1. Select, from Ala29, Ala35, the only residue that is part of a helix (DSSP H, G or I), at negative phi, surrounded by 15 or more Cβ atoms within 10 Å (Cβ to Cβ) and touching a residue at least 24 places away in the same chain (Cβ under 8 Å).
2. Surrounded by 14 or more Cβ atoms within 10 Å (Cβ to Cβ), in a helix (DSSP H, G or I), among the hydrophobic types (A, V, I, L, M, F, W, C) and in contact with a Phe, Trp or Tyr (Cβ under 7 Å, 6 or more places away or on another chain): does that describe Leu42?
3. Suppose we filter the range 30-70 for residues that are aliphatic (A, V, I, L, M) and within 20 Å of Ser18 (Cβ to Cβ); how many remain?
Amino acid sequence: MTRTRRLNQAPQQAGTLSIQMWNRLMRKAIEMAEAAGDTRKLRVLRAAQQQGKTRDCLKRMSIISEADLQREFGPKK
C-alpha cells in the first residue's frame with residue numbers, strides 16, 4: 001500500500017511534554033524541594049537530573065504539571 005505524505009507536521013498530542021518542558025519542570029521541582037527543606041526528594045531529583053532521567057523520575061513521583069508541584073511540595077496542612 002502506498003502512503004501519502006503530510007505537508008504539515010502532525011500536531012503534538014495533548015498531554016505530551018517536550019524534553020525542554022520536562023527539564024523546566026524538574027528545575028522547578030528542585031527549587032520547591034529546596035524551599036520546603038525536603039532533602040530526600042531533593043537528592044532523588046538531582047540524581048535523576050544528572051543521569052538524564054528527568055521524565056522517568058517525575059512520572060514516578062506523579063508530577064506531570066506545575067499543579068502537581070504544589071501538591072507535592074506546597075505547604076502541609
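1. Values: Ala35 fails: surrounded by 15 or more Cβ atoms within 10 Å (Cβ to Cβ).
Step by step, each of Ala29, Ala35 is checked, and only Ala29 is part of a helix (DSSP H, G or I), at negative phi, surrounded by 15 or more Cβ atoms within 10 Å (Cβ to Cβ) and touching a residue at least 24 places away in the same chain (Cβ under 8 Å).
2. Working: surrounded by 14 or more Cβ atoms within 10 Å (Cβ to Cβ): yes; in a helix (DSSP H, G or I): yes; among the hydrophobic types (A, V, I, L, M, F, W, C): yes; in contact with a Phe, Trp or Tyr (Cβ under 7 Å, 6 or more places away or on another chain): no.
The answer is no for Leu42.
3. Start the filter on the range 30-70 by keeping residues that are aliphatic (A, V, I, L, M), which leaves 30, 32-33, 35-36, 42, 44-45, 47-48, 58, 61, 63-64, 67, 69.
With within 20 Å of Ser18 (Cβ to Cβ) added as a condition, the list becomes 30, 45, 48, 58, 61, 63-64, 67, 69.
Total satisfying the criteria: 9.
Residues checked against (1) of a type in the set (Asp, Glu); (2) at pLDDT below 95:
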residue: Ser18; (1), (2): no, yes
residue: Arg27; (1), (2): no, no
residue: Ile30; (1), (2): no, no
residue: Asp38; (1), (2): yes, yes
residue: Ala48; (1), (2): no, no
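The values are calculated or read from the model by the stated rules, or taken from the named source; none is laboratory data. These figures come from a predicted structure and were not determined experimentally. When we count neighbours, we look across all protein chains shown, and the Cβ atoms used for this are built from the backbone with ideal geometry, even at glycine.
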